[in-house]
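Peer 1: Handing you this structure, nothing more for now.
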Amino acid sequence: MWITSSLQATKVPTHIALGNFDGVHLGHQRVMAEVVGVRSSSDLTVQNSAARPVHATVVTFSPHPQAYFSGVSRPLLTPVGEKARQLALLGIEQLVMLPFNQALAALSPEDFVSKILIDALQAQRISVGSDFRFGKDRSGDALKLKAIAAKYNVPVVLVPLREEKGDRISSSRIRKALQTGNLSEASELLGRPYQLAGTVVEGKQIGRTIGFPTANLQVSREKFLPCKGVYSVWVYLAAKKAQVQAIQMPIKGVMNIGNRPTVNGQTLSLEVHLLDWSGDLYGESITIDLGEFIRPEQKFESLEALKTQIVKDCETARQSLGSRPNAVANSVLGVT
């Protein structure tokens, strides 16, 4: 996966899926499918008698336009590293993250198409969701994009919005599901379990004093976190050596997201207890698939009462997870 924010460093020519694509959910995937594996007589550009392949490319914006105009940072369902991994699995070769600034925001729809998509990116095919808006003051829509691109003989595919259970699939709907602990809905909309990936760092080590050692996960500051509480999870450990990279068997676990009120915790932490596994994970990269929301975080009268509840949580997790994950984690290989 080639990732760049520089138009000069972009691999051209391109087939472009255009949008913000936070989450890379099933609706986004339909837009991207229109530029992956597409072959036609225009797919090869001949220059100096050498054929150049067309690169399946996602073009997005950083920061998110809403964050730029509001001045408020926006936690992401898929920070750039995770987004890149998901895109690669879908067959996307290149991620172009256009710096969203005043100059870009001021471009008219016509200038955005001609200067960015045609001149700089050498687009030969463009795919967008039917609700796509672009250009100064969001004055351009998907139909206008199609009309402008037609002047350059570049086809634009308008992908209908995808629905699930009578409502459109959207990043905001996924966020709401995660905020309410509705992991089954979030997974259905994403087409995969919601994931958290990061590095194991040293914690207070209170868990091991009551017989439940935990791995404290440090994730990207940009990552959107689900509601506080206890979750059943599948844990994937990163392969340490290239020659042993393979789809690894996941490990069942229980994760708590919260402030640890029983021990007067002051900061938010993500703690994972791996079931039927022991070892040193400090400094290791791990990926977690969220299974089910077990219960909200709560404060217990004592560590002994907390221990009793954790035993119950572990049993609940074993039963809910079953013998194997519902979907294989997409980022098992090459976790960084």
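Peer 1: Scanning for something open to solvent by 60 Å² or more (accessible area, probe 1.4 Å) and at pLDDT below 95, does the stretch 11-34 turn up at least one residue?
Peer 2: Among the residues of the stretch 11-34, not one is open to solvent by 60 Å² or more (accessible area, probe 1.4 Å) and at pLDDT below 95, which makes the answer no.
Peer 1: List every residue pair whose Cβ atoms sit under 9 Å apart, with the two residues 6 or more apart in sequence or on different chains, where the first one lies in the stretch 288-309 and is among the hydrophobic types (A, V, I, L, M, F, W, C) and open to solvent by 60 Å² or more (accessible area, probe 1.4 Å) and the second, anywhere, is at pLDDT below 95 and not in a helix (DSSP H, G or I).
Peer 2: Leu303/Ile206
Peer 1: Under 23 Å from Ser285 (Cβ atoms) and open to solvent by 80 Å² or more (accessible area, probe 1.4 Å), is that true of Glu163?
Peer 2: It is false that Glu163 is under 23 Å from Ser285 (Cβ atoms) and open to solvent by 80 Å² or more (accessible area, probe 1.4 Å).
Peer 1: Examine the stretch 185-195 for a residue that is part of a strand (DSSP E or B), closer than 22 Å to Pro79 by Cβ, in contact (Cβ under 8 Å) with a residue 24 or more places away in the chain and touching a strand residue (DSSP E or B) at 6+ places or on another chain (Cβ under 9 Å), and state whether such a residue exists.
Peer 2: Yes, there is a match, as at least one residue in the stretch 185-195 is part of a strand (DSSP E or B), closer than 22 Å to Pro79 by Cβ, in contact (Cβ under 8 Å) with a residue 24 or more places away in the chain and touching a strand residue (DSSP E or B) at 6+ places or on another chain (Cβ under 9 Å).
Peer 1: Also, I was wondering about something else. In the stretch 68-108, how many are of a type in the set (Phe, Trp, Tyr) and under 21 Å from Leu7 (Cβ atoms)?
Peer 2: Final tally of qualifying residues: 2.
Peer 1: Hey, does the stretch 169-178 have a residue that's buried (at least 22 other Cβ atoms within 10 Å of the Cβ) and assigned to a loop (DSSP other than H, G, I, E, B)?
Peer 2: Among the residues of the stretch 169-178, at least one is buried (at least 22 other Cβ atoms within 10 Å of the Cβ) and assigned to a loop (DSSP other than H, G, I, E, B), which makes the answer yes.
The values are calculated or read from the model by the stated rules, or taken from the named source; none is laboratory data. Since this is a predicted model, take the numbers as computed values, not measurements. All Cβ positions, glycine included, derive from the backbone under ideal geometry; neighbour counts span all protein chains shown. Remember, those area values only see protein heavy atoms, side chains included, never the ligands or the DNA or RNA. Shrake-Rupley method; radii C 1.70, N 1.55, O 1.52, S 1.80 Å.
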